[in-house]
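Take a look at the structure below.
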Amino acid sequence: MKRWICLLGVALALSAHAQDPKAAVNVYAQCENDSVGTRIAYFVKESIRKSSAYRIEEEYPKAGYQISIVCLRPGANDAGVLSIFSYSYVALNFRPKGYYDYHITHGVYRCGSNRVEGCAQDIVASFDKDVGEMRARISRGEFDPF
C-alpha cells in the first residue's frame, strides 16, 4: 500500500512538472566588435539556462520571448574595458491578431569589464520582472495580446 502511495505521489509530481514547462527565450546579440558586450551576452544566456522559469531557444520563431542586445562600437579607450549597448525585450505574437510581436521594454546600459556577470544578471532580473508584470496584466484582463 505504501508503495502505491509513493508511486502515485511521484506520478503526480512528474505530471505537474510536465504541465509547467519553462518559457523559451531567444537571446540575440550584435556585439561583434565589443569583447565586453560579447561576454555580457554570453552571461545573459547562461543566466537564462540556469533559470527555473526560462530556457534558451536558439531559433527565434520557436521562442516565446526574445532579449536583444546591440552593442555600440567601443572607442579606442573603451575597447575591452567598457560596453555601451541597447537592450529590448519582446514577446512573440503567435496568433493571427496582428503581424507584429509585442515590445515589452527597452533601454540603454553601460557596463564595465569588472561587472560583466552582474550586468547580465541585472538584465535577466529586469526581463523576469517585466514579463511577470505583463503576465499579471494579461491575467487581470487589462491587456489581451492574443
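Every number here is computed from the coordinates shown, using simple stated rules; none is lab data. Source: prediction; values computed, not measured. Glycine also receives a Cβ, built like all others from the backbone with ideal geometry; neighbour counts cover every protein chain displayed.
Below, the figures for the structure above:
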item	result
Radius, Kirkwood style, for the range 24-139 when every pair of distinct Cα atoms is counted (Å)	14.6 Å
Sorted peptide list for 115-121, 35-41, criterion being average Cβ within 10 angstrom, highest first	35-41, 115-121
Point-to-point label distance, residue 137-residue 52, nm (Cα→Cβ direction, 7 Å offset)	2.7 nm
Scattering curve values for the range 86-146, log₁₀ I(q)/I(0), Debye with Cα scatterers, q = 0.17, 0.26 Å⁻¹	-0.67, -1.12
Where the Cα pairs of the range 33-85 fall when distances are cut into 5 Å bins, in %	4, 20, 23, 19, 15, 11, 7, 2
